[in-house]
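Here the structure comes first, spelled out in structure tokens, and everything after it is commentary.
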Amino acid sequence: MPENSSNRVEISFTPTAQDYAQAQRWISRKAMGQLYWVYLVAIISIGLTGAFGFILLLDAAFTSPDPAVIDQAMGGAALFVVVLYIGLALKTGIKRFIMRRTYVENGYFLAPRTLVFTPQHVQNNSAKQQMTVAWQDVVGIFENKQHIFIQIEPAFTLFIPKRIAKSPEELDQLKDFATKMRAESVANA
């Protein structure tokens with residue numbers, strides 16, 4: 001994992017589509033902050049409202065003595081179910097289609113990469129891209145159970161999968177070095 005000298009740490013890894021999915025989820029939560037929970041509550045509320053409307057349609061269909069109301073209510077309930085399943089199928093199908101086209105082995109995203117940490121910057125190198133970010137431009141260094149994140153902008157983050165470490169000490173070494181370099185660059189700015 002880290003190739004280390006006193007003022008340089010270099011790590012190499014090959015990201016997976018799952019790494020990108022987890023990182024994207026983390027970025028969304030981090031960027032939305034408190035609004036993430038409002039978003040979840042809104043989505044659940046919309047779902048519950050739809051389910052309640054479906055139940056009302058079925059109730060009208062089964063309790064009304066008027067055949068016209070029964071036909072309309074059953075038609076509405078059936079339409080609701082059809083639209084729901086078509087929507088879910090489209091969402092799943094489109095998401096899988098995009099994932100298969102975006103995350104291609106040895107493509108732009110899944111190419112093996114090397115991150116180089118120096119006192120001046122962090123550099124992200126792969127066969128498809130090169131990027132250098134000065135430490136003073138790094139917003140923060142965060143982590144979750146699967147990744148260490150080097151946040152550059154609210155919606156842009158470099159990530160390091162923790163699975164590549166041989167030991168927890170290597171992860172601590174990397175986090176400590178990155179945190180130290182960022183703190184020193186901010187103090188000197």
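Read-outs throughout are calculated quantities, based only on the coordinates presented, and are distinct from any laboratory measurement. Treat the numbers as computed from the prediction; the structure is a model and nothing was measured. Every residue, glycine as well, gets a Cβ built from its backbone with ideal geometry; the counts of neighbours run over all protein chains shown.
Points worth noting:
- Only lysine pairs 8 or more places apart, or on different chains, with alpha-carbon atoms under 17 angstrom apart are counted in segment 49-189, and they number 5.
- Coupling constants for segment 143-148 follow from the phi torsions by the Karplus curve (6.51 cos²θ - 1.76 cosθ + 1.60, θ = phi - 60°), and in residue order they are 8, 10, 5, 9, 9, 9 Hz; glycine and proline get x.
- Mean-position separation - Cα centroids, segment 82-139 and segment 21-67, in angstrom: 29 Å
- Kirkwood hydrodynamic radius computed over the chain comes to 20.3 Å, based on all pairs of distinct alpha carbons.
- Placed amide H near ILE148: partners under 5 Å, 5+ positions off or other chain: ILE160, LYS162
- Relative contact order computed over segment 76-189 (Cα-Cα under 8 Å; 6+ residues apart), in percent: 15 percent
- For segment 1-152, size of Cβ-based charge dipole, Lys and Arg +1, Asp and Glu -1, in debye: 420 debye
- Gain on full stretching of the segment that runs from ASN7 to ASP71 - 0.36 nm per residue minus C-alpha separation: 15.5 nm
- In segment 99-179 the Cα-Cα distances spread across 10 Å bins starting at 0 as 16, 47, 32, 4 percent of all pairs.
- Its DSSP H runs of at least 4 residues, each contributing -39,500 (n - 2.57), put the calculated 222 nm mean residue ellipticity of the chain at -19000 deg cm²/dmol, to the nearest 500.
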